[in-house]
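Trainee: This is the structure I want to talk about, given as structure tokens.
The values are calculated or read from the model by the stated rules, or taken from the named source; none is laboratory data. Computed from a predicted model, the values in this text were never measured in an experiment. Neighbour counts are summed over all protein chains in view; Cβ atoms, including those assigned to glycine, are modelled from backbone coordinates with ideal geometry. Accessible surface areas use protein heavy atoms only, side chains included; no ligands, DNA or RNA. Shrake-Rupley method; radii C 1.70, N 1.55, O 1.52, S 1.80 Å.
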Amino acid sequence: MKKTLLNQGSTLAVCLAAGLWAGSAAAQSADSEVSEVIVTGSFIAGTPEDAALPVDVIGADELERQGNPTTIELMKNLTVSGGIVGDHNQYAGPVSGTPAGVATVNLRNLGATRTLVLLNGRRLASIPTVNGPVDVNSLPQAAIGRIEILKDGAAATYGSDAIGGVVNFITRKNFDGLQVSADYRYIAGADEPDYSASAIWGWQGERGDVLLSAGWQVRGRLRGNERDWNLPSYLENPDAGFSFTNNPTSFLPLTGTSTLGAQMRDPGCATVGAQAGFVGGNQVCLARIAGAFINLIDPTSRWQLYGETNFELSDNVKFHAEAFYTETKAVQRSSPGYPNTAPGPTSLTSPFPGNYFVPASNPGLTLLRQQFPNAFPAALTGVVFPAINFRPFGLGGNPFFDGDDGTATPVIQKTYRLSGGFSGKVFDDAIGWDLAATFHNINIVTKGGWDTIVSRTQLALRGFGALAGDTNGCTASETANFTTNAGNNTLGCYYFNPFSNSFPANSQFSAERPGAANPLYNSAVANPLELVKWVGTSLSSDSTARLFVLDGVLNGELPIEFSGGKIGWAAGGQFRRNFYRTNYGPLNNRLVTPCPDILIGGTCTTTPGPFSLQSSSLPANIVQNVYAGFAEMAFPFTDNFSAHIAARYENYGENEGGDTFNPKLDVRWQALDWLSFRCSVGTTFRATPL
């Protein structure tokens, strides 16, 4: 049996509980009444909440007592859940991690991708990013009636992803009438308040029902510089996001053609509000680049539609269908600029391969030498930026984003899901059956973000930058004569100024708490906006994930009865097709632009792409088929002692990771009215993401 793509292990858990969630299932409101029967963790009909499986139920009444919290708030307050993504995480970007507007569940702190999330007992697709989790923000919040949480691994029942447990969002039942709700929340310092509105309508007939809901949610942007605790000084907290890879930065002075002096920091470092320091014995300029420019809360708007119908086609056959559509728009902020990848080996870019070169003729350097005449060697011919130190934009913000903002990455997520099926009983109601199909499609598009282009950055540092849109500007073919064309504006050639005199003020403060103006600033050496637009540009990606599932389940009871009841059983099969596709814009597509020197040709042994930090990526189009079968039995030996066994087999194909078999045993003993013991042992796994 091959298991090259399946991460498998065993788990053993023993739990001691004293009245946890006592009676929560019995206290449901009329529109979500579930008595003691739950549907999560087992396919055996009529499983009670006090069975061997550790399931908590949060009903509509509990949600109301919490003030009908948003999905993010609810997940944060679950004691069984670890840290989650929900408000902001600039280091989990839209391509490789968790984009803005997404919220996750992280049971037992094992990671969001190790928690299986269901809607009405059916699987949901993961967002189309590398190792992406399920986005619970996309679920129709207004239609949710209760939430069931299985606090144990459940690979034996559900298969992949249920390592930490299962969260099952269940829509409202037996709802009749119209309910409209709205809320408003003011957050000091936010660009706009948080607010939402929703409406839900239900109809109950003799043999069927219909449920419709719509919701609209808005979260206002809260900038990082609106909270003092996010802006400590270096002496208060040197670990609060301070970096020597920034702007202003440090560099090596050059005399002659090849003599490099000791590393020195930009002499204007302290003047513009950064911290002069040392790393490894070298002078550096420490600045808090990321913290002040990110959003503590990303601006987000979302609307949701949901519809569900249930009909009894006969006394023994029922039909169920549901659908939802969600569209989310959010903007994620990060640093104004990124540390630069080393320029390519072509001599046109830099005479010091792997480093950036700024000649003494650069107007920013010329002015800086006048402002600090004792800081530089008299025979200076230029400075060299080690690539790891250099960031084109930092403390002064980025003119591309109006200066006071970090890089903006708009994210648009559209998701729709259809699920339906038939259920019933046969053989005089002795055996129940359920057959269902589910299709879920998620598309995430980013047409934004920003990064500098390596070759253009080096050309502009040497005076061969151009203005965006200038087709007759200073191109690679016009730069053969460096001494006459560098900085010659009449030929469309411009210098890029990377020094502390290039920006008017420290932009890490809001308008209410403005930073001091930069006394070193001179508009004559400022970087023109059109030059900034030429040096850097936006990136784009378009990713889609699809999930198609066919489920078939049989369940019933054996004619063997203990004092606690009859033995229950269930068995079934499942087919899943996972699909992942992603495309990129031409500049961040490795097949189109593999090398850094896009303007001047050249080859490369590695293919990082043209951007300073964000590497190029390969487009993908992947399909995976999964076949599974399972069986389970419940043994109610006494009213106080019960056991549950289950096993599941999944096959991913010989080329996709092989197959896996996972058994599990759960035992529960109700020792006292207020004290119960649970024990489980089994194996679990997670299939490697596409």
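Trainee: List the residues of the stretch 363-403 whose backbone N lies under 20 Å from a point placed 7 Å from the Cα of D470 along the Cα-to-Cβ direction.
Mentor: 363-366, 399-401, by backbone N distance to the label point.
Trainee: Turning to a different aspect of this structure: Specify whether the C-alpha gyration tensor of the stretch 215-366 places it in the rounded, prolate or oblate class, a ≥ b ≥ c being the square roots of the eigenvalues: rounded for a/c under 1.5, otherwise prolate if a/b is larger than b/c and oblate if not.
Mentor: Cα axes put the stretch 215-366 in the prolate bin.
Trainee: Under the Karplus relation 6.51 cos²θ - 1.76 cosθ + 1.60, θ = phi - 60°, what is the ordered set of whole-Hz ³J(HN,Hα) values for the stretch 130-137, x standing for Gly and Pro?
Mentor: Running phi through 6.51 cos²θ - 1.76 cosθ + 1.60 with θ = phi - 60° gives 4, 6, x, x, 7, 8, 6, 5 Hz.
Trainee: Same structure, new question: Once both labels are modelled 7 Å past Cα along the beta-carbon direction, what's the A270-N120 spacing in nm?
Mentor: 6.8 nm
Trainee: Taking amide hydrogens as modeled 1.01 Å from N in the peptide plane, which residues meet the under 5 Å criterion relative to I567, leaving out close sequence neighbours?
Mentor: L558, I560, F562
Trainee: Return one quarter of the surface area of the convex hull spanned by the alpha-carbon atoms of the chain, equal to its mean projected area, in nm².
Mentor: Over every viewing direction, the Cα hull of the chain projects on average to 34.3 nm².
Trainee: Enumerate by residue number the GluC sites (Glu not before Pro) in the stretch 141-241 meeting two conditions: DSSP loop (anything except H, G, I, E, B), and at most 15 other Cβ atoms within 10 Å of the site's Cβ.
Mentor: The qualifying sites are E206, E236.
Trainee: Would you mind checking which residues have amide H under 5 Å from F357's amide H? H placed 1.01 Å from N; only 5 or more apart, or other chain.
Mentor: HN-HN under 5 Å from F357: F385.
Trainee: Over the chain, what percent of the accessible surface lies on carbon and sulfur atoms, probe 1.4 Å?
Mentor: Roughly 57 percent of what the probe reaches on the chain is carbon or sulfur.
Trainee: Quote the relative contact order of the stretch 579-684 in percent (integer), defining contacts as alpha-carbon pairs under 8 Å separated by 6+ residues.
Mentor: 18 percent
Trainee: Let me ask something else. Under the √(5λ) rule applied to the eigenvalues of the Cα gyration tensor, what semi-axes describe the equivalent ellipsoid of the stretch 552-637? Give them in Å, descending.
Mentor: Taking √(5λ) for each eigenvalue gives 59, 13, 8 Å, largest first.
Trainee: Find the accessible area per residue for the chain; the probe is 1.4 Å, ligands and nucleic acids are left out, and the unit is Å².
Mentor: Here the per-residue accessible area is 42 Å².
Trainee: What three numbers, in Å, describe the spread of the alpha carbons of the stretch 143-204 along their principal axes, ordered from the longest?
Mentor: Each principal axis gives a Cα extent; for the stretch 143-204 these are 45, 42, 15 Å.
Trainee: Kindly write out, for the stretch 268-275 in residue order, the coupling ³J(HN,Hα) from the Karplus curve 6.51 cos²θ - 1.76 cosθ + 1.60 (θ = phi - 60°), rounded to whole Hz, with x marking Gly and Pro.
Mentor: After applying 6.51 cos²θ - 1.76 cosθ + 1.60, I find x, 3, 5, 4, 8, x, 8, 10 Hz.
Trainee: Let me ask you something else. Taking a cut-off of 12 Å between Cα atoms, list the aspartates and glutamates near K447, but don't count ones fewer than 8 places away on the same chain.
Mentor: Those aspartates and glutamates meeting the cut-off are D542.
Trainee: Multiplying the sequence separation of K414 and F319 by 0.36 nm and subtracting their Cα-Cα distance, what value in nm do you get?
Mentor: Full extension of this stretch gives 31.5 nm more.
Trainee: Grab the beta carbon distance between A571 and F439, set R0 = 30 Å, and tell me the FRET efficiency rounded to 0.05.
Mentor: 0.75
Trainee: Here's another thing I want to ask about it. Per-residue HN-Hα couplings for the stretch 146-151, Karplus 6.51 cos²θ - 1.76 cosθ + 1.60 at θ = phi - 60°, whole Hz, x for Gly and Pro?
Mentor: 7, 10, 10, 10, 8, 9
Trainee: Something else: Given a Förster radius of 56 Å and the C-beta distance between A375 and N131 as r, what FRET efficiency does 1/(1 + (r/R0)^6) yield to the nearest 0.05?
Mentor: Computed FRET efficiency for A375 and N131 comes out at 0.75.
Trainee: Still on this structure, please answer the following. Going down the list K76/K151; K173/K318; K151/K664; K76/K329; K173/K414; K151/K318, which pairs span over 20 Å between their C-alpha atoms?
Mentor: Listed pairs above 20 Å: K76/K329; K173/K414; K151/K318.
Trainee: Mind grabbing the accessible area of D239 for me, 1.4 Å probe, Å², rounded to tens?
Mentor: 140 Å²
Trainee: Rounded to the nearest 5, what % of the DSSP beta bridges within the chain are antiparallel ones?
Mentor: Antiparallel bridges make up about 95 percent of those DSSP assigns within the chain.
Trainee: Ignoring everything except DSSP H segments at least 4 long, calculate the 222 nm mean residue ellipticity for the chain; use -39,500 (n - 2.57) per segment, divide by total residues, nearest 500.
Mentor: -1500 deg cm²/dmol
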